[in-house]
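The structure appears below as structure tokens.
The values are calculated or read from the model by the stated rules, or taken from the named source; none is laboratory data. Because the structure is a prediction, the values reported are computed rather than measured. Positions of Cβ are backbone-derived with ideal geometry, glycine not excepted, and every protein chain shown enters the neighbour counts. Areas reflect the complete protein model, heavy atoms only, side chains present, ligands, DNA and RNA absent. Shrake-Rupley method; radii C 1.70, N 1.55, O 1.52, S 1.80 Å.
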Amino acid sequence: MMFNPLVNPKIEKDLYSIICDLIDINKPYYALQNLSETGNEEVYAEIDVERLEHNEVSPISQAEAGRHLAILGSCALSLINKKKSKHYYLASKASTLLHTSDISQFNGQQRRRLKCFAKAIHLDEKTRTGSVSSRIYTENDQLISTLDLTYLILQEALFQKMFRRQQTKALQDNLIVDNPYKFPVTLKEISITENRLNCNLGKIEPYQCIGHFPNYPALPVAILSSALLYSAEIFLKSRYPECWKIRINQVSLIAEKLAFAGEQVHIETNLLESSGKTYHFSCNALDEDKNLIGKLYTSIDVITQSDISRCR
């Protein structure tokens, strides 16, 4: 895939003051800084890595990168949307690829500011769909990962009609002790067999969705993917005791429906195949009635401490 040359825009005004009325995503879920247009049909933003404690050999976990890039993608689509009113940009498909390969430079606890770019590829009012190509770089302009996204785009009135039963009073962020997106999700009732892991997220609490559709608190797709990837990591550590870190090479995600606050989420993770230290998984998120919420496929490398030592 060819990318536009890196263009670090001159930041004159953060576009969030314009965007915030168009996408219904607020802080702390929204954490983009210096949101601006680059001049070559892309939007740009900077982010401070929030989840410092993760086990990936990457400056940022794939799930957190997906969160920020998905939000930036919705910003890119809202800017080309001719109808300048509130829309809900629901990520329905995502495909990410990790590009960084030098694990010797990994420093898991280092605070970083990263650069994000997104370009709207298409927006079709008739099919209510849009697509975005996005990528994230280190502060030194090293490409970390790319993310291609497809969105279902709903006007506010239609979204409210479809999900009126889930409407509730917005949870005020001053009632939250800490930003929930800084921490990994908690998986419960974990059981592991030869090639499968089953677990539960438990009941989704409103604070786990804060800033993501405030009056319709729904678990963000990026947070759901974080839970699915974490389940695969737990399986790997049970199977491979020497596993110290992991490298998530690629992820493909399909989101079938939203999971709202108050609902239960069950996870089924299956090992499909393995070769050497590379493992391939399928992970499903299901509601209480076993309806599919989302499905994820991923390829993960096991990294041992000896692997790190050999790279130094």
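Things to note:
- The residues of segment 196-209 that are at negative phi, out of contact with any Asp or Glu (no Cβ under 6 Å at 6 or more places or on another chain) and modelled with pLDDT under 95, listed by number, are 201, 203, 205, 206, 207, 208, 209.
- Boolean, residue 253 is in a strand (DSSP E or B), within 24 Å of residue 98 (Cα to Cα) and free of Cβ contacts under 8 Å to residues at least 60 places away in the same chain: no
- Odd one out for residue 53, checked against (1) in contact with a Pro (Cβ under 8 Å, 6 or more places away or on another chain); (2) not in a loop (DSSP other than H, G, I, E, B): (2)
- Out of 94, 63, one residue alone is at pLDDT 95 or above and among the small types (Gly, Ala, Ser). It is 94.
- Considering only residues in segment 226-235 that are at pLDDT 95 or above and either among the aromatic types (Phe, Trp, Tyr) or open to solvent by less than 30 Å² (accessible area, probe 1.4 Å) (or both), the one that is farthest from residue 261 (Cα to Cα) turns out to be 235.
- Tallying residues that are open to solvent by 50 Å² or more (accessible area, probe 1.4 Å) and not acidic (Asp, Glu) within segment 151-167 yields 11.
- Cβ separations smaller than 9 Å between residues 6+ apart or across chains give the following pairs from segment 271-286 residues that are under 12 Å from residue 248 (Cβ atoms) to residues that are open to solvent by 60 Å² or more (accessible area, probe 1.4 Å) and not in a strand (DSSP E or B): 279/239.
- Number of residues in segment 174-202 that are open to solvent by less than 70 Å² (accessible area, probe 1.4 Å), touching a Ser or Thr at 6+ places or on another chain (Cβ under 9 Å) and among the aliphatic types (A, V, I, L, M) equals 4.
- Scanning segment 203-223 for residues that are part of a strand (DSSP E or B), open to solvent by 10 Å² or more (accessible area, probe 1.4 Å) and farther than 16 Å from residue 73 by Cβ turns up just one, 203.
- Taking the conditions (1) of a type in the set (S, T, N, Q); (2) open to solvent by less than 50 Å² (accessible area, probe 1.4 Å); (3) not in a strand (DSSP E or B) in turn, residue 238 satisfies each one other than (2).
- Filter result (of a type outside the set (A, V, I, L, M, F, W, C) and within 17 Å of the chain's Cα centre (by Cα)) within segment 196-227: 208, 211, 212, 217, 220, 225, 226
- Among the residues of segment 26-48, those that are closer than 14 Å to residue 79 by Cβ, open to solvent by less than 50 Å² (accessible area, probe 1.4 Å) and not in a loop (DSSP other than H, G, I, E, B) comprise 35, 36, 43, 44, 45.
- Any hit, segment 98-118, residues being touching a helix residue (DSSP H, G or I) at 6+ places or on another chain (Cβ under 6 Å), modelled with pLDDT of 95 or more and not in a helix (DSSP H, G or I): yes
- Scanning segment 231-248 for residues that are closer than 23 Å to residue 68 by Cα and in contact (Cβ under 8 Å) with a residue 60 or more places away in the chain yields a count of 6.
- Unmet criterion (only one of (1) in contact (Cβ under 8 Å) with a residue 60 or more places away in the chain; (2) in contact with a Leu (Cβ under 6 Å, 6 or more places away or on another chain); (3) small (Gly, Ala, Ser)) for residue 74: (2)
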